[in-house]
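Read the structure below first, then the notes.
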Amino acid sequence: MTAPTTATSTERSGFDLALGEEQELVRRTAREFAREKVLPRAAEIDEHKKVPRELVDEMGALGFMGIFVPERYGGAGLDRLAYVLAVEEINRACASTGVILCSHASLAVAPILRWGTEAQRQRWLPAMARGERIGCFALSEPASGSDAAAMRASARRDGDDWVLDGTKNFITNGSIADVCVVFAQTDASLRHRGIAAFVVEKGTPGFSVGKLERKLGIRGSDTAQLVFEGCRVPAANMLGAVGEGFRIALSTLDGGRISIAAQAVGIARACLEDALAYAKEREAFGTKIAELQGIQWMLADMATEVDAARLLTWRAATLEDAGEDHVLAAAEAKLFASDVAVKAARDCVQIFGGYGYLQDFPAERHYRDAKITEIYEGTSEIMKLVISEQMLKEQA
Ligand code: COS
């Protein structure tokens, strides 16, 4: 028998459960905004397949779109924990609205902040932090999703420019974004070491929006194909160096996965709160169904799992804030929280019974919205692969 040598990420992190004053304020503000402005429109957003721009503007005005951006770049100067608090609250009300924030902040703002030069940060971050310009992240392609390094979009150097060609798929915020972080291959023989990251602005000649996807859930969110045809991008728009693109993409996704874990916690909480409220009203067999043990056990599991998923999410955010390795913690949080959301949504529909199957009640929307959290920003299978790799690396 070998002695235990590996500290899991739980054991490693000195993780404080108490929120600070500013974090509490963010949570209160986001909860109020979500309850008063977002929740009343969630069904309509799903039905009309569009999040009203004024909600994005309000998320900007409240500071959420640039919440972890330092004040010198126009942001709120808070941390990732504050960010995941806001993400949970907004997604509790509406996952379509919530994912606009997630993709903008964790996938577009974050890599510019981390990998951008001072000039690049000054150029793009202030308007993005205010929510005036929306960001997106263009990695996936028609033939490369989980195997991100297999991308075919190409970047060819021409004088002071790079010329991009290719198609990006499933891009959240794709058609509404003003600033896109785009990944392309500069030399296919180098595989992942040939990839570079570029910031491409809306309106750049050769850059257009293709097909808008029709989806099972998060129907109000914008999912587009982006097309690059001889799209000329100045060399000054490259993030990092040639060959650093894959690292930029994967490290950005580590943060993105914490954000999606928070989204999943928000959806799961919506399921729990809606199911609980319904169970306290609905009568069967001469009693409120909340008095029935079969229902109580479902609610008890949901409550426990929501709390556990939130703790994993906060831990991952705390590690990221501390500048510590959070690859494992982020993957665990996303794997667990997305599973919790899907299960909570299934039980929520079950508790609502026949009404759960109708569009007149929120349960079926949660059921459709929850599923994507197991797919985007790394499927659950990729999360297991990342977790296993990290464990094996630690054991080596
Ligand atoms: N952060 C930074 N760099 C990372 C990293 C991380 N989390 N994980 C791996 N890398 C680096 C490795 O260090 C390696 O670099 P070097 O070769 O320079 O040493 C390089 O990336 C390749 O690593 P690996 O061989 O493990 O890459 P793979 O091509 O096998 O891919 C997976 C690894 C599958 C985990 C990765 O492609 C992935 O996460 N895929 C899912 C992509 C995704 O989430 N898509 C959704 C799109 S957004 S909706």
Inset, instruction - Take the eigenvalues of the Cα gyration tensor for the chain, scale each by 5, and report the square roots as semi-axes in whole Å, largest first. - result: 35, 24, 20
Legend entry - Estimated dipole of region 136-243 in Debye, rounded to 20 [Cβ of Lys and Arg +1, of Asp and Glu -1, Cα centre]: 320
Legend entry - Acute angle (nearest 10 degrees) that the helix 21-33 long axis makes with the longest principal axis of the chain, alpha-carbon atoms: 70
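Test of understanding: what is the full-extension gain from residue 201 to residue 32, defined as 0.36 nm times their sequence separation minus their Cα-Cα distance?
Details: separation 169, 0.36 × 169 = 60.84 nm, distance 3.33 nm.
In short, 57.5 nm is gained.
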Legend entry - region 11-133, dipole about Cα centre (Lys/Arg Cβ +1, Asp/Glu Cβ -1), debye to the nearest 20: 420
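Compute the length gained on full extension between residue 213 and residue 19: take 0.36 nm times their separation in residues and subtract their Cα-Cα distance, giving the result in nm to one decimal. Numbers along the way, then the final one.
Values: separation 194, 0.36 × 194 = 69.84 nm, distance 3.88 nm.
Taking 0.36 nm per residue and subtracting the Cα distance, the gain is 66.0 nm.
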Legend entry - Partnerless Cys - the chain, beta-carbon criterion under 4.7 Å: 94, 102, 136, 180, 231
Legend entry - Degrees separating the helix 293-321 axis from the principal Cα axis of the chain, which is the longest one: 30
Inset, instruction - Compare the Cα positions of 203, 231, 153 along the charge dipole of region 136-243 (+1 at Cβ of Lys, Arg; -1 at Cβ of Asp, Glu; about the Cα centre) and return the one farthest towards the positive end. - result: 153
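For region 246-395, what is the charge dipole size about the Cα centre, in debye to the nearest 20, if Lys and Arg each add +1 at the Cβ and Asp and Glu each add -1 at the Cβ? Don't jump to the answer; show the numbers that get you there.
Numbers: 16 positive and 24 negative charges, 44 e Å.
I would put it at about 220 debye.
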Legend entry - Portion, in percent, of the accessible area of the chain that falls on carbon or sulfur, probe 1.4 Å: 53
Legend entry - Evaluated over region 18-119, the Cα radius of gyration and Dmax, each in Å: 13.7, 42
Inset, instruction - Please work out how much length the chain gains when fully extended from residue 350 to residue 273, using 0.36 nm per residue of separation minus the C-alpha to C-alpha distance, in nm with one decimal. - result: 26.3 nm
Legend entry - Residue (of 319, 348, 267) at the positive-pole extreme of region 266-396, dipole from beta-carbon charges: 348
Legend entry - Dipole-positive endmost among 17, 103, 116 within region 11-133 (Cβ charges, Cα centre): 116
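The values are calculated or read from the model by the stated rules, or taken from the named source; none is laboratory data. Everything quoted here is computed from the prediction, not taken from an experiment. A quick note on method: Cβ atoms are made from the backbone with ideal geometry, for glycine too, and the neighbour counts reach across all protein chains shown. Heads up: the accessible areas ignore ligands, DNA and RNA and are worked out on the full protein's heavy atoms, side chains in. Shrake-Rupley method; radii C 1.70, N 1.55, O 1.52, S 1.80 Å.
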